[in-house]
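Inspection log for the structure reproduced underneath, given as C-alpha cells.
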4 protein chains.
Amino acid sequence: MKKIQAGVLGATGMVGQNYIRLLENHPWFEVTYVAASSQSAGKSYQDAVRGRWLMDSDIPENVKTLIVNDANMTEQAKGNCQFVFSAVDGDKETIKKIENSYAAADIPVVSNNSAHRWTVDVPILIPEINPEHLDIIRDQQGHYGWNKGFIVVKPNCSIQSYMIPLYALMKKGYAPTRIIVTTEQALSGAGYPGVASLDILDNIIPYITGEAEKTEKEPCKVFGKISEGKIIPYDGLTISATCTRVNVQDGHTSIVNLEFGDKKPSLEEIIDIWTNFRALPQEYELPSAPVHPILYRQEENRPQPKKDRNMEKGMAVSVGRLRKCNVLDYKFVGLSHNTVRGAAGGGILSAELLNVLHYLE
Amino acid sequence: MKKIQAGVLGATGMVGQNYIRLLENHPWFEVTYVAASSQSAGKSYQDAVRGRWLMDSDIPENVKTLIVNDANMTEQAKGNCQFVFSAVDGDKETIKKIENSYAAADIPVVSNNSAHRWTVDVPILIPEINPEHLDIIRDQQGHYGWNKGFIVVKPNCSIQSYMIPLYALMKKGYAPTRIIVTTEQALSGAGYPGVASLDILDNIIPYITGEAEKTEKEPCKVFGKISEGKIIPYDGLTISATCTRVNVQDGHTSIVNLEFGDKKPSLEEIIDIWTNFRALPQEYELPSAPVHPILYRQEENRPQPKKDRNMEKGMAVSVGRLRKCNVLDYKFVGLSHNTVRGAAGGGILSAELLNVLHYLE
Amino acid sequence: MKKIQAGVLGATGMVGQNYIRLLENHPWFEVTYVAASSQSAGKSYQDAVRGRWLMDSDIPENVKTLIVNDANMTEQAKGNCQFVFSAVDGDKETIKKIENSYAAADIPVVSNNSAHRWTVDVPILIPEINPEHLDIIRDQQGHYGWNKGFIVVKPNCSIQSYMIPLYALMKKGYAPTRIIVTTEQALSGAGYPGVASLDILDNIIPYITGEAEKTEKEPCKVFGKISEGKIIPYDGLTISATCTRVNVQDGHTSIVNLEFGDKKPSLEEIIDIWTNFRALPQEYELPSAPVHPILYRQEENRPQPKKDRNMEKGMAVSVGRLRKCNVLDYKFVGLSHNTVRGAAGGGILSAELLNVLHYLE
Amino acid sequence: MKKIQAGVLGATGMVGQNYIRLLENHPWFEVTYVAASSQSAGKSYQDAVRGRWLMDSDIPENVKTLIVNDANMTEQAKGNCQFVFSAVDGDKETIKKIENSYAAADIPVVSNNSAHRWTVDVPILIPEINPEHLDIIRDQQGHYGWNKGFIVVKPNCSIQSYMIPLYALMKKGYAPTRIIVTTEQALSGAGYPGVASLDILDNIIPYITGEAEKTEKEPCKVFGKISEGKIIPYDGLTISATCTRVNVQDGHTSIVNLEFGDKKPSLEEIIDIWTNFRALPQEYELPSAPVHPILYRQEENRPQPKKDRNMEKGMAVSVGRLRKCNVLDYKFVGLSHNTVRGAAGGGILSAELLNVLHYLE
C-alpha cells in the first residue's frame, strides 16, 4: 500500500519534532513535506534543527535531508503532501491565515494550535469523544468555499487527562455538572526553550498564561452539538481550574473533584465504566489508538508522570485515587502524556480517524 | 537576662536539627539538653549527627559538644532544661508515653508530633489563631495530675499555608463553610532520608500517607471551642483535600477553592483583611513572630516556594492568585515554609507565646 | 526454537527488575525462575515487588505470577532454569557463597555483583573486549570441582563509558598509558531507595563509596591475560578517578584525559577507529549487541545522558568532545546507560555470548 | 560616616540584581544609580525588573524607586555615583566602550565582564591573591588619559573554586606546574533565562561555550607580574579544563588533579596551609571578606554546593577530598558560590579593597 504523504508545518519546533519522531515508520503516513519560518526555509531539515533537536532518538533518515519550506508559501505544499499537521508558531491571526491558505489549497489541516479552536465551524476533536463533530467539515468547506481542504483542531493539552474519563461517564448516563480541577503540568507543555531552569529548579509555578481559561472553556465545545452549521458548546458542565507548572519533563497531572446531577454512579461503577470504555478509534483499530483508552491504577500513589505517561505508547489516559469528596461527590487523579496524546500523538490519531472516514481522499 | 533552658527531643532528626539551627542566638531560649534514641545516647551531638547533618549552616558551637541523652530517660532532663521541644520519632503510643513522662516531670512539652493531636485536652496551637486554647492547660494538668508540666502540639505542616488566611476572614465575620484544597508539598516534609530521589526526579507523587485525613480534620480542632475540659472541634467547615508531593526542597503550596455561608466578602475586602491581619504574637512582638503574618503577592505567578518561603524568616504565609471560582466562591494559592512555620519555627513561636503568658515559669 | 530458561537472583531489586524488563520477549531466553531474600520467598513476584516496582512499563505477564524462591535455596532452581543472572544483595562472603552454590548445582551464573570480581579465575567480561577470558571457565570448574556450572561477572558500571573506546584504540596499537577520569554518575547506580532526594536536589555529591577504587582497578583485569589458570591484570595503564553523583536518573558520564605511550594517534584516527569498531558480539549479531558499539557525536555539547543513553537500546557507548589536552595528550567525554549496558543489558549480552559459544549447554 | 555612592550598570540582569541584593545595608556603599539598556531607561527600577526579579528577597526599598538610566549615557552618572559596578550585557566592543566612557568620566569601574580581561593594563583582581596588580591603575590612567577613573575586572566564575587554594600553596613555595580540572557548574552562571529547563532536567551538559578557554588562560594572568605597564601572564602553570553544566542553582564545583614542580608538600602540609591562609582582605577586615578564605571539609563527601556554597556568606572557598592522584601528585574538590564570590560578592570585595587603598577617593 502506498503511504499517504503528510506535511508538518512548524516542523522545527518541539511539537513539530514530535510529529516527525512519531511518524517514523507509521504504517499509513510518511513525512514528505516540512515547513517552518522563513529563516529555516531552504535548509535541509537536519541543518534547520541543528543544536535544537530535542528528541531522545535521532532524526529519521528520510526527514534529515528534506528541504524546509517557508510555511507561508502554500504553493510548495501542493503535490508534495496530501494533508498537513500544523504546529506553526505565531499570533492567532497569522496562524489562521496560514492554516486557511492550506485548506484553500485542497490540503486538509490537522492543527495543534489554539487559533481556530473557537471558530464556530471548526471542530475540537478528541477521536474517542466527538467523531460526529467531523460532520461539520462539509459546512466548513461550504462557508469558506473550500473544495477538499478543511481544518480540524485539537484541544489544549491540559484537559486531556480527564476529558475521556468524564466522557465515559456521560455516555453511561452519569453527567458531571460541576468540577474543580488543579493541574500539575509538565515543562514540555511550554515548548522550547520554554521555562527557564532557574525558575523551576526546587520550585513550582502556580500560574500558566491563558491555561486556566482554556481548561475551563474547551471541554464544553468538545461536548457540544452541531446545530445549523455551528458547534454549540454544552452548557451542562461548569469547570473551575487552577493550572500549575511542576518540574516534570512530560505528563500533565490533574486533580479533579466532581459533582454529578441527579444520577450518581457508585465508585465501583465508575471504575468499571472506565476500565471497559472503548470508542471509535478502538473499533477501527487505528494504528495510534490505545487498546485501553483509560487505565485505572489500583495503587494508592498512582498515576505518576514518570511511571505512567508512556502507557500504551503515551496514548492512554491513566487515572487513579478515585474516592469520595467531602464537598462535591468524588475526586480522582488523571494523567496524560502532553506531547503524545496531548499534542502530536493526538493529532496523528485524529488524522487516522479522518483517513478511515475518507476525509483525506 | 538569663536565658530559659530548652531541650530538644529527637534532636538528631531533621525537625530536631531545624530546632537547633533556629534556636542559635535566640534572645530568650538556649539549647542545654538534647535527647534522641538509645543508639545516639552517650555521644556528643556532633558525633551523633555525623554524616546526616542536613542544615546548610554548621552545627552551633554550644550544641556540638552537648552529650545526647536517651529520650526515654526523663530523669536526665530534670534540672537540665525548663521545657522541651519534642520531635521524637516512633509509633503513636511510644511518643505519647515519652511526652507524658516529661510533662509528669514538670517539664512542659511543645510537640511537633501528631500523637497527641486528638487527645481532647491537648490544644493544637497556631499562636495567631487560638491562643485561648491554652486555657485548657489547667484542665489537662488536673486530668493527668501534672504539676507544672503540660503538652501543647502543633498542627500538620500541610494546613499552615491557608489556616491563618481562613482565620483572618472568619474573625471579620466571613466564615468559609466548604473548601476544596490540593497541596503540592515539599520533600523536607517527609523527613530524612524520606523520599527517594528515583521516585521524585522528573515526577510528582499524588499521594502522601495519612496527609489528606490530617488536612481535612485538624483545622476543625484548631477552630474549636473549649467546653467542659475538652476542645470541641468546629463543625461549620467541611474540607476536601488531595495532597501531592513535588520536587521542591522546602515550602508547601496549597491551591484552595472556598465557599462562604451567608456573608461573602468582596475580593478587595479579602485582600484588605489579609494585608492588615495582626494577632497576639504581633502585639507581643514575639521574637519569631512575623511582622506581617500574611503577605499578599500581587504578581499573577506568585507565591512560589523558592521565592517566597523565606519571607519574614520563613514565618509568614504568602498568598496570591485570589480570584472568582466558577464552582465555589473564590480560589487562591497559599504557601508556607514547612520546616520553619510548619515545624520548628512554629514550635518556637508557640514556646515564645507560652513564655509571655507565664506558662513556662 | 525452545527458549533457554533463565533465573534471576535478587529479582526484586532494581537490577533484578531491569533484567526482568529487558528479558521480556527476548528471542533466546525466558525468565522461569526468580529468587530473592527469604522475606519475599513464597510470594508471587507481583506481590513481592508491590509498591517498589520501579520500571516505567508494567511487570511482564509471565513473570507476575512466578513464585519467588529464597535465593539461598539452590535446590529449587534445579530443573527450573538453565542458568541465572545474579543481582543478589548482601555482604561479599554471602554473595560468593550463594553464587558458588548455584555453580556447584550445574547452574552457570552471570553476575552483576562485585563479590567475585577479584577472584583470580573469575573473568570480568565485557563481550566486545575480552571474550577470550572465557577460556578460564574450564580452569575455574576444575579448581572448584564444578561440572557444568561456572561464574562470570560484569565490571562496575562506572567504567563502561570509556572501556570500549580505550580498547578500540589499544587494538589498533595505540595503548593509553595514563588516564585521569572524573565521572558524573546517575542516581540509579545507587540502587533503590539509594540517594535521598534531599541530598541531591539542587546539589551534586563529589563522592561515591568504593567507586573510585573500582574505577581505577577493574579496567586492568579486563585488559589482563590468562596465565596458569589465573587472570593477570594488565600493568601498562595507570588510572586516577574521582567519582561524583549528579541529579540524573540513568546514564553515567565520564570526562577522560588520556596519555599514550610511544605511538600516538591523530584526532582523526581516533574518531575513525571508534566509528568503525566492531567485535565478536557484532559478528555473531547477538540479539542485544549494538550495531555500533561506539557512537561518536559531532555536536560540541554531546554526549548528554538524557539524549544519548538510549542509543542502540541503551547498549552503545556514546563519546564526543575529543580534543587536545594541555597536560596529557587528549581528552573526551564518554557516556553509557548504567542500568542497561552497565548492568542488566550487559549481563544479558554476556549470556548471549556464552550461549553462542556453547557454555550454556 | 557618609556612605560612598555606588552605581550598578546592567542593574536589571541577574548579576546586577545580585549586586543590588548584596549592597542592601552595606556599611560603606549605597546604591544611588542604576543603569541598563535603553528599553529599561526611564522606568523605576521595580517596574524595569517586574516579572524578572530573581532574588529570594524583595527589592531593597531604596532601590525600588530609583529611575533606571541608559547605560550608554555616562553623563547621567556624574554626580550621582562615585564609582560603578559593571554587569552590562553586550558584545565585547560595546562593553569596552561603555566601561571606558565611565572611566573617562572620572568614575572607576569594577567590572564582572570578560571584555577587558585581556587588556594588558587592566588587572584581573582576586583581592586575596594579586592586590599588587592595582599598581597598574596609574599606568592605565596614563595610557588612556583618564584622571580619576579606571577599570578593574574580575576573573571568570569557573576558576574561583581553586585559585585561592592554589595560590595559598604557591605563596608557601609549593608551585603547581600542571593541573587537570573538570568543573560541574551551576545554572546561575549562565544568567537568566539561561539554560532551558528541558535541557537540564535529568541531564548534564558537558560543554559551556568559551568556558574551558577562560578556565585555562585567566589563572595565568591573575598569577602574572607587572612589567613596563603591562601585566605579563605567569608561564609556570599549564591547565587543561573541561567545563560541564549540572542541575544546581548556585555553586561551581571543580575536581582538580595537580602536579607540583621540584618542591612537593605533604597532604598534611596542604591542609595546614589552606586552613591558615589569610591575606590582605582579612588583614583589613573588609566588610565582605570571609574570616576564613579557605574552609577545608574533613567529611569525605564534601564540599557540596547546597551545603557549602553559603559558608562565610558565600565568600569562602570550600575544599575537600584531598588525596593522592595516581597520575599527577594530588587531587581535590573545590567549591565556590558563583554569583557571590564568583560575581557580585567578589566585585564588592574588590571595591572594598580599592576603597581602603584610597582608589575611590
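Just so you know, all these numbers are worked out from the coordinates, no wet-lab data involved. Keep in mind it's a predicted model, so treat the numbers as computed, not measured. Because the Cβ atoms are built from the backbone with ideal geometry, glycine has one as well, and the counts that use them run over all protein chains shown.
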Quiz item: P(r) tail for the protein assembly as shown, what percent of Cα pairs lie past 58 Å?
Solution: 22
Quiz prompt | Rounded to 5, the percent of DSSP beta bridges in region B:158-337 classed as antiparallel | solution = 65
Exercise. Any chance you could count the Lys pairs in region D:78-210 whose alpha carbons are under 23 Å apart, treating pairs 8 or more apart or on different chains as valid?
Key: 9
Quiz item: Using θ = phi - 60° and the Karplus curve 6.51 cos²θ - 1.76 cosθ + 1.60, what whole-Hz ³J(HN,Hα) does each residue of region C:80-87 get, with Gly and Pro shown as x?
Solution: 9, 7, 9, 7, 10, 8, 10, 9
Practice problem: May I ask what percent, to the nearest 5, of DSSP beta bridges between residues of the protein assembly as shown are antiparallel? | Solution: 45
Exercise. Would you mind working out the magnitude of the charge dipole of the protein assembly as shown relative to its Cα centre, with +1 at each Lys and Arg C-beta and -1 at each Asp and Glu C-beta, to the nearest 20 Debye?
Key: 0
Quiz item: By counting other Cβ atoms within 10 Å of each Cβ, how are B:Phe332, D:Phe277 ranked from fewest to most?
Solution: D:Phe277, B:Phe332
Practice problem: With springs connecting C-alpha atoms under 10 Å apart, model chain C as a Gaussian network and identify which of C:Asp91, C:Asp121, C:Asp250 has the largest mean-square fluctuation. | Solution: C:Asp91
Quiz item: How large is the helix-only mean residue ellipticity at 222 nm for the protein assembly as shown, computed as the sum of -39500 (n - 2.57) over DSSP H runs with n ≥ 4, divided by its residue count, in deg cm²/dmol to the nearest 500?
Solution: -7500 deg cm²/dmol
Quiz prompt | Rel. contact order, % - alpha carbon contacts under 8 angstrom, at least six apart, region A:97-174 | solution = 40
Practice problem: Mind putting a number on the dipole of chain C about its Cα centre? Charges go on the C-beta only, +1 for Lys and Arg and -1 for Asp and Glu, and I need it in Debye to the nearest 20. | Solution: 240
Practice problem: Measure nothing fancy, just the Cα-based angle from helix D:345-356's long axis to the longest principal axis of chain D, in degrees from 0 to 90, nearest 10. | Solution: 70
Quiz item: Short version: ³J(HN,Hα) in whole Hz for each residue of region C:252-260, in order, from phi by Karplus 6.51 cos²θ - 1.76 cosθ + 1.60 (θ = phi - 60°), x for Gly and Pro, what are they?
Solution: 8, 9, 10, 9, 10, 10, 9, 10, 9
Practice problem: Using +1 at the Cβ of each Lys and Arg and -1 at the Cβ of each Asp and Glu in chain C, identify which of C:Cys157, C:Pro108, C:Gly90 lies farthest towards the dipole's positive end. | Solution: C:Cys157
Practice problem: Report the residues of region B:284-316 in range of a label on B:Arg323: point 7 Å along Cα→C-beta, backbone N strictly under 18 Å from it. | Solution: B:296-304
Quiz item: In nm, to one decimal, how far is the B:Glu213 label point from the D:Glu269 one, both placed 7 Å along Cα→Cβ?
Solution: 6.5
Quiz item: Using θ = phi - 60° and the Karplus curve 6.51 cos²θ - 1.76 cosθ + 1.60, what whole-Hz ³J(HN,Hα) does each residue of region D:109-119 get, with Gly and Pro shown as x?
Solution: 10, 9, 10, 8, 7, 8, 3, 9, 5, 10, 6
Quiz item: Near the amide H of A:Asn130, under 5 Å away, which other amide H atoms are found, from residues 5 or more places off or on another chain, if H is placed in the peptide plane?
Solution: none
Quiz item: What list do you get for D:Ser37, B:Ser57 if you sort them by fewest beta carbons within 10 Å?
Solution: B:Ser57, D:Ser37
Exercise. For B:Phe260, list long-range residues whose amide hydrogen, built 1.01 Å from N in the peptide plane, is under 5 Å from its own amide hydrogen.
Key: B:Thr177, B:Asp329
Quiz item: When we measure straight from the Cα of B:Lys307, which lysines land under 22 angstrom away, once same-chain ones fewer than 8 places off are left out?
Solution: B:Lys331, D:Lys64, D:Lys306, D:Lys307, D:Lys313
Exercise. Place a +1 charge on the Cβ of each Lys and Arg in region C:193-309 and a -1 charge on the Cβ of each Asp and Glu, then give the dipole magnitude about the Cα centre in debye, rounded to the nearest 20.
Key: 180
Practice problem: Give me the net charge of D:Asp121's neighbourhood, meaning all other residues with Cβ under 14 Å from the Cβ of D:Asp121; Lys, Arg count +1, Asp, Glu -1. | Solution: +2
Self-check item: Which of B:Leu357, B:Leu134 has the fewest Cβ neighbours within 10 Å, and the rest in rising order
Solution: B:Leu357, B:Leu134
Practice problem: For helix A:267-276, report the angle its Cα long axis makes with the longest principal axis of the Cα atoms of chain A; keep it between 0 and 90° and round to the nearest 10°. | Solution: 30
Quiz item: Can you give the relative contact order of chain C as a percent, counting alpha carbon pairs under 8 Å and 6+ residues apart?
Solution: 16
Self-check item: Given charges at Cβ of Lys, Arg, Asp, Glu: region A:158-337 dipole, positive-most of A:Ala168, A:Gly210, A:Ala186
Solution: A:Ala168
Practice problem: Would you grab the residues whose amide H sits under 5 Å from the one on C:Ile204? Only those 5+ places off in sequence or on another chain, please, with H modelled 1.01 Å from N. | Solution: D:Lys306
Quiz item: Normalised by the residues of region A:158-337, what does the relative contact order come to in percent, with Cα pairs under 8 Å and at least six apart?
Solution: 28
Practice problem: Measure nothing but the geometry: give the 0 to 90° angle between the long axis through the Cα atoms of B:160-171 and the longest principal axis through the Cα atoms of chain B, rounded to 10°. | Solution: 60
Self-check item: Positive-end residue of D:Val291, D:Gln304, D:Cys325, charge dipole of region D:290-330 with Cβ unit charges
Solution: D:Gln304
Quiz prompt | Percent antiparallel among DSSP beta bridges (both partners in chain D, rounded to 5) | solution = 45
Practice problem: Provide the descending list of Cα extents for chain C along its principal axes, expressed in whole angstroms. | Solution: 60, 51, 38
